[in-house]
Each structure stands twice: as C-alpha cells, then as structure tokens.
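Asks: This is the structure I want to talk about, given as structure tokens.
The values are calculated or read from the model by the stated rules, or taken from the named source; none is laboratory data. Not measured: the values here are computed from a predicted model. For neighbour counting, all protein chains shown are included, and Cβ atoms are generated from backbone atoms with ideal geometry for every residue, glycine included. Note: areas computed on protein heavy atoms with side chains; ligands, DNA, RNA excluded. Shrake-Rupley method; radii C 1.70, N 1.55, O 1.52, S 1.80 Å.
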Amino acid sequence: MPPLRTALLQSSGRPGSVAANLKVIEEAAERAAAAGARLLVTPEMFLTGYAIGDDVPRLAEPADGEAADAIADIAARHGLAVAYGYPERAGEQVFNAVQLIGPDGARLANYRKTHLFGGFERDHFTPGEKTVVQAELDGLRIGLMICYDVEFPENVRAHALAGTDLLLVPTAQMHPFQFVAESVVPVRAFENQMYVAYVNRVGPEGEFEFVGLSALAGPDGVARARAGRGEELVFADADPAFLAASREANPYLSDRRPGLYASLI
C-alpha cells in the first residue's frame with residue numbers, strides 16, 4: 001500500500017460562522033488535493049469555532065445535517081477524505097464530535113469526545129460513551145479521538161489493541177499546555193506503535209490562547225511534520241510499510257502482561 005498523504009489544517013477559522021468555515025475547508029481541500037493528499041484533518045470544533053459560549057446549542061447540527069452534506073460534497077469533488085470537528089446535536093443532547101467523510105462523500109465514522117475538559121465543555125456538552133471509533137481508508141485503519149482524550153494513555157492503548165494505524169486527534173490545545181503537542185503526542189505514537197495526527201487551533205479566541213504546533217507523529221516518536229504558531233496547512237505521510245517494520249521492531253503490544261494490570265480498572 002502506498003503512504004497516505006495527510007493534510008493538517010491548523011486554523012481557528014471564523015468562530016461563529018459555519019458558512020465561513022466551510023469556505024476555509026473548501027479552500028484547504030483544494031490545496032490538499034493538488035498536493036496529492038487523500039485526507040484532510042481540521043481542528044476541534046472547527047465548523048463553528050470553539051469559544052462560542054451559549055451559541056453551542058444554536059449552531060449544533062446532527063451528524064447527517066446540512067454541514068455534513070456540504071463537506072461530503074467538498075470531499076467528493078476533490079477526491080479526499082475530510083475529518084472535521086463540530087458540535088453534534090442528537091435529540092436534546094449536544095456532543096463535541098468529529099466526523100470522517102470519505103473521498104466519495106460517504107459518512108465513514110462519527111466520534112463523540114469522551115473526556116470533557118474544563119467548565120466550558122462540561123457546561124455545554126454531554127460526554128460520549130464509546131472509546132474506540134474506527135474506519136478504513138486506503139488500506140489503513142483510521143481511529144478518531146478529540147484533544148483531551150489523547151492525554152489518557154488508556155484511551156490510546158485501547159485504539160492500539162483494536163488495530164488503529166492512524167489516530168486523528170482534532171484539538172483545541174491552549175496555553176500553557178503546549179508540552180502535550182511537543183512531547184506527549186510523539187510518545188503516544190511510539191508507545192502504541194501508530195501514527196498520530198494532532199491538529200490544533202491557533203491564536204486568541206475568547207478567553208483562550210491556542211498554541212498551534214500541529215503534528216503528525218510516527219511510530220518512532222518522530223514528528224513527520226510540525227506546524228508553528230500561525231495558520232498553516234502542513235503535509236505528512238502515514239506509511240504502512242514503515243509502520244509494519246516499526247511494530248516488528250518494537251513489540252510493546254505482544255510483550256504486555258494484562259494479568260498484572262487488573263488494578264488499573
């Protein structure tokens with residue numbers, strides 16, 4: 001299988017305007033496709049903005065809503081998959097979610113953030129209950145997660161045990177926690193022998209200061225691409241051949257002794 005060229009959209013878009021953010025996704029998809037990418041990943045809550053306060057319920061949409069249709073059209077026209085963060089409405093509940101749309105416009109997977117961070121998220125969202133959500137793309141098993149979720153090692157290990165090859169982590173990582181992007185994410189990739197695409201917002205937004213530093217980390221713990229602190233579209237490859245060789249050389253999963261870990265749960 002050829003490497004999966006992945007585009008990481010580091011941007012905060014225009015908080016409060018779904019139409020403007022759909023336009024940003026459209027422009028990024030065009031650039032990504034021209035560069036040979038088969039997957040575009042946006043940050044957490046990119047569709048609406050993150051620091052939108054009480055506008056969360058007003059801007060939330062169902063997983064099969066109008067915005068999903070618009071992104072499906074973008075994906076199909078440019079021939080690449082799109083993973084985007086958004087507030088998902090399901091009945092009376094709203095979830096902090098990420099949806100993966102395939103390069104043919106089909107909805108492949110939808111994940112709801114399981115570990116909510118801070119008072120803002122706990123006030124506006126219901127936590128998801130399913131840890132491992134996956135889909136297949138170009139021969140790779142893609143996993144979905146959101147921001148704070150990746151800081152719990154059990155979460156990422158569950159994906160490793162389920163065979164995730166490339167873990168997508170839309171995020172809204174803020175100051176002073178940039179060490180997560182710089183150090184934790186590459187370690188997660190190494191200790192679980194997978195690729196991790198960590199895609200952040202950037203700049204001031206409401207009470208938050210997002211730090212950028214988006215990266216695609218490989219199973220060797222090395223970032224294949226690393227953004228700075230501004231708006232960027234960066235590219236990196238998830239290489240199945242390198243992943244297989246790395247797993248052969250680093251048998252963390254086969255060397256586990258689960259019988260010793262019962263106290264963890």
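Asks: Using only the Cα atoms, work out Rg/Rh for the stretch 102-176, with Rh taken as the Kirkwood radius, to two decimals. Let's see the in-between values first.
Replies: Numbers: Rg = 13.2 Å, Rh = 13.3 Å.
Ratio of gyration radius to Kirkwood radius for the stretch 102-176: 0.99.
Asks: Counting only protein chains, not ligands or nucleic acids, how are LEU144, LEU233 ordered by accessible area (probe 1.4 Å), most first? Spell out each step's value before the answer.
Replies: Values: LEU144 0, LEU233 20 Å².
Highest to lowest solvent-accessible surface, that is LEU233, LEU144.
Asks: Once P(r) over Cα pairs in 10 Å bins from 0, in percent is worked out from the coordinates, which option in (1) 7, 30, 38, 22, 3; (2) 7, 34, 38, 17, 4, 0; (3) 6, 27, 30, 14, 5, 4, 4, 4, 3, 2, 1, 0 does it equal?
Replies: Answer by label: (2).
Asks: Over the chain, what is the relative contact order in whole percent, taking alpha-carbon pairs under 8 Å and six or more residues apart?
Replies: Values: 628 pairs, mean separation 50.5, N = 265.
That works out to 19 percent.
Asks: Still on this structure: What trypsin sites (Lys or Arg not before Pro) in the stretch 103-191 are in a loop by DSSP, with at most 12 other Cβ atoms within 10 Å of the Cβ? Display every interim value, and only then the final one.
Replies: On the way: sites: ARG107, ARG112, LYS113, ARG122, LYS130, ARG141, ARG157, ARG188; in loops: LYS113, LYS130.
Qualifying residues, ordered by number: LYS130.
Asks: When the dipole is taken about the Cα centre of the chain, and only Lys, Arg (+1) and Asp, Glu (-1) are charged at their Cβ, what size is it in debye, to the nearest 20?
Replies: Values: 23 positive and 35 negative charges, 103 e Å.
Approximately 500 debye in magnitude.
Asks: Taking the chain as a Gaussian network, Cα atoms linked when under 10 Å apart, which of THR164, THR131, THR42 shows the biggest mean-square fluctuation?
Replies: Maximum among the listed residues: THR131.
Asks: Select from the stretch 197-265 those chymotrypsin sites (Phe, Trp or Tyr not before Pro) which occupy a DSSP coil region and have at most 11 other Cβ atoms within 10 Å, ordered by residue number. Before the final figure, lay out each step's value.
Replies: Details: sites: TYR198, PHE208, PHE210, PHE235, PHE242, TYR252, TYR261; in loops: TYR252, TYR261.
Within the stretch 197-265, the qualifying chymotrypsin sites (Phe, Trp or Tyr not before Pro) (loop, at most 11 other Cβ atoms within 10 Å) are TYR261.
Asks: GNM, the chain, Cα, under 10 Å: largest mean-square fluctuation among VAL98, VAL211, VAL169?
Replies: Among VAL98, VAL211, VAL169, the largest GNM mean-square fluctuation belongs to VAL211.
Asks: Do you know the relative contact order of the stretch 43-104, to the nearest whole percent, from alpha carbon pairs under 8 angstrom that are 6+ apart? Before the final figure, lay out each step's value.
Replies: Numbers: 98 pairs, mean separation 25.4, N = 62.
Result for the stretch 43-104 is 41 percent.
Asks: In debye, nearest 20: dipole of the stretch 1-107 around its Cα centre with unit charges on the Cβ of K, R (+) and D, E (-)? Don't skip to the answer; put the middle values down first.
Replies: On the way: 9 positive and 14 negative charges, 89 e Å.
In total the dipole reaches around 420 debye.
Asks: Roughly how many percent of the accessible protein surface of the chain is carbon and sulfur, given a 1.4 Å probe and a whole-percent answer?
Replies: On the way: 5600 of 10790 Å².
Result for the chain: 52 percent of the exposed heavy-atom area is carbon or sulfur.
Asks: List the relative contact order of the stretch 183-265 as a percent without decimals, with contacts defined as Cα pairs under 8 Å and 6+ residues apart.
Replies: Details: 120 pairs, mean separation 21.2, N = 83.
Computed value for the stretch 183-265: 26 percent relative contact order.
Asks: Name the most mobile residue of ALA189, ALA37, ALA162, meaning the one with the largest mean-square fluctuation, in a Gaussian network model of the chain with Cα contacts below 10 Å.
Replies: ALA162
Asks: Mind ranking GLU92, GLU154 by accessible surface for me, highest first, 1.4 Å probe?
Replies: Numbers: GLU92 175, GLU154 120 Å².
These residues rank, largest area first, as GLU92, GLU154.
Asks: Taking the Cα centre as origin and putting +1 on Lys and Arg beta-carbons and -1 on Asp and Glu beta-carbons, what dipole magnitude results for the stretch 99-192, to the nearest 20 debye? Kindly include the intermediate steps, with their values, before the conclusion.
Replies: On the way: 8 positive and 12 negative charges, 35 e Å.
With Lys and Arg at +1 and Asp and Glu at -1, about 160 debye.
Asks: Per residue, how much accessible surface does the chain expose to a 1.4 Å probe? Answer in Å², no decimals.
Replies: Working: 10790 Å² over 265 residues.
It amounts to 41 Å² per residue over the chain.
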